[in-house]
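First the structure, in the form of structure tokens, and then the observations on it.
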Amino acid sequence: MSFSLSTRLPRLMLSLPGVRSCSVAGAQQTLRVKERIESARARALLGGGEHRIAAQHKKGKLTARERIGLLCDPGTFVEYDMFMEHTCTDFGMEKEKYPGDSVVTGHGQVNGQTVYMFSQDFTVFGGSLSMAHAKKICKVMDQALLVGAPVIGLNDSGGARIQEGVESLAGYADIFQRNVEASGVVPQISLVMGPCAGGAVYSPALTDWTFMVEDTSYLFITGPDVVKTVTGEDVTQEELGGAKTHTTVSGVAHKSFSNDIDALLQLRTMLGFLPQSNRDEAPVRPCEDPWDREVPGLNSVVPLESTTAYDMMDVILGVVDEREFFQMMPNYAKNIVTGFARMNGRTVGIVGNNPKHAAGCLDINASVKGARFVRFCDCFNIPIITFEDVPGFLPGTSQEYGGIIRHGAKLLYAYAEAT
């Protein structure tokens, strides 16, 4: 008897009007929530809207999500905090909110390896940094440190969001702190793909490598208008903080690329040379370049006359696997060559004096360039190969006044410190 009652009980309950109405109402609520989620997701994917996306494309720039799509292996990107919105209620900001705010964050795979990244969205409030924006970036940086994976920042931002005032500036402080904590622990790479001004420039400056896109990216503390007001100088954005300036004159950026697509594909190539963290060995891949191959060019590359110049790049390309060499800072301090290559499939760091430029003498810029590269390799367990042909430090009053003794010591210290 009890068995028949228990088997009939569910049917009896479903036949009751109250129970039926509750289940229908619950299903309707579930559908409404699902629709709200789908609507928010669609708005998040659109960023600032189709009009602003078209304006971004007109400038020759990709959107934040298009950049991530190119950088990551297909279908591997997992987004964090897609529906997070800013919390500002001043100046009418509560009426204008976008899911995800002005940055896309998450993790994905590049060449099969996990990478954490953030991509600032210029179509939403000009990519300006809010407290919510900063929290999203800090979250992925914390996760990268936790699991031991590289951090990549795709910068395209107008700076701090002035409507939020000091809260926005506090967000920069949080990001800078994490840049410092991650330094030497996981590789940090900044790819500047748009404007980056004011305090925002110091996050790329704190990372290991900074790359720029020609004609669309700018790095400066103050813009041309402020410079003219304070100093009276007339200068364009490109002259003040463009890719050419920072890769040839200041040394702030380590390499520049012709467009967004080229930059992202080259970044994928570079990541193939780097370990995941300082706990991992330099990556090794199968090598098809025979160890005993002949390189007849090496017999004649060094001239008989010691005063005759030659290009150290000819030596490097002849020695490394498959003549593949990812050069760092190719247009700055050309009298020293630095970059990544492979020997028998294993990543190595290459440092070489280049007699083709300034007879290979070491000057201030070359010392700083070489020291930074050596210390990076030492942090991340990358063996260093040095091709030496140097007459000494460059003499002259400009070098002495600039502190060649102090800066030259940095290169000596980096080599002596390396293990």
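Result for the chain in a Gaussian network model with C-alpha springs under 10 Å: among Y98, Y310, Y116, the largest mean-square fluctuation is at Y310. For the chain, the longest principal axis of the alpha carbon atoms and the long axis of helix 166-182 meet at an angle near 60°. With θ taken as phi - 60° and the Karplus curve 6.51 cos²θ - 1.76 cosθ + 1.60 applied, the whole-hertz 3J(HN,Hα) list for the range 127-142 is x, 5, 8, 9, 5, 5, 4, 5, 5, 5, 5, 4, 5, 5, 5, 4 Hz, x standing for glycine and proline.
Amide H contacts of M328 (H built 1.01 Å from N, in plane; Pro and chain starts excluded): T338, G339, F340 sit under 5 Å, all sequence-distant by 5 or more or on other chains. Checked against a 28 Å cut-off, the cross-linked pairs K58/K139; K97/K255; K61/K255; K97/K135; K34/K61; K95/K139 give Cα-Cα distances beyond that limit for K58/K139; K97/K255; K34/K61.
Scalar couplings 3J(HN,Hα) for the range 81-94, obtained by applying the Karplus form with A = 6.51, B = -1.76, C = 1.60 to θ = phi - 60°, are 6, 5, 9, 5, 10, 5, 10, 6, 10, 8, 6, x, 5, 5 Hz; x denotes Gly and Pro. Annotation: per residue accessible area for the range 260-419 equals 51 Å², rounded to a whole number [probe 1.4 Å, protein chains only].
Think of it as helices only: each DSSP H run of n ≥ 4 in the chain is worth -39500 (n - 2.57), and spread over all residues that comes to -12500 deg cm²/dmol at 222 nm. Pair-distance distribution of the chain: all C-alpha pairs, bin width 10 Å, starting at 0; shares per bin in whole percent are 4, 18, 26, 21, 13, 7, 4, 3, 2, 1, 0, 0.
Computed over the Cα atoms of the range 185-237, the ratio of the radius of gyration to the Kirkwood radius (Rg/Rh) comes to 1.07.
The ellipsoid equivalent to the alpha-carbon distribution of the range 241-297 has semi-axes of 30, 19, 13 angstrom, derived from the gyration tensor eigenvalues as √(5λ) and listed largest first. Using the Karplus relation 6.51 cos²θ - 1.76 cosθ + 1.60 with θ = phi - 60°, the per-residue 3J(HN,Hα) values for the range 391-406 come to x, x, 7, 5, x, x, 5, 4, 6, 5, 5, x, x, 4, 5, 5 Hz, with x marking Gly and Pro.
Taking the inverse of the mean 1/r over every pair of distinct Cα atoms in the range 18-145 gives a Kirkwood hydrodynamic radius of 16.3 Å. For the range 41-110, the solvent-accessible area of protein heavy atoms averages 52 Å² per residue (probe radius 1.4 Å; ligands and nucleic acids excluded). Surface composition of the chain: carbon plus sulfur atoms hold 57% of the accessible area, using a 1.4 angstrom probe and ignoring ligands, DNA and RNA.
Of the residues K369, K356, K135, the one that moves most in a GNM of the chain with alpha-carbon contacts below 10 Å is K356. In the elastic network of the chain, a GNM with C-alpha springs shorter than 10 Å, the most mobile of G360, G352, G49 is G49. Of all beta bridges that DSSP places with both ends in the chain, some 50 percent have antiparallel geometry.
With everything on Cα atoms, drop me the angle between helix 260-271 and the longest principal axis of the chain, reported from 0 to 90° to the nearest 10. Orientation of helix 260-271: about 80 degrees from the principal axis. With kT/(6 pi eta Rh) evaluated at 10 °C and eta = 1.306 mPa s, and Rh the Kirkwood radius from Cα pairs, the range 363-419 diffuses with a coefficient of 133 µm²/s according to Stokes-Einstein. Just so you know, the Cα atoms of the range 252-372 work out to an Rg and Dmax of 15.8, 46 Å. Each pair of Cα atoms in the range 129-186 enters the Kirkwood radius, and Stokes-Einstein at 37 °C and 0.692 mPa s then converts it into a translational diffusion coefficient of 277 µm²/s. Per residue, the range 172-250 exposes 43 Å² of accessible surface when a 1.4 Å probe is rolled over the protein heavy atoms with every protein chain present.
The values are calculated or read from the model by the stated rules, or taken from the named source; none is laboratory data. Remember, it's a predicted structure, so these values are computed and weren't measured experimentally. What goes into the accessible areas is simple: the full protein's heavy atoms, side chains included, and nothing from ligands, DNA or RNA. Shrake-Rupley method; radii C 1.70, N 1.55, O 1.52, S 1.80 Å.
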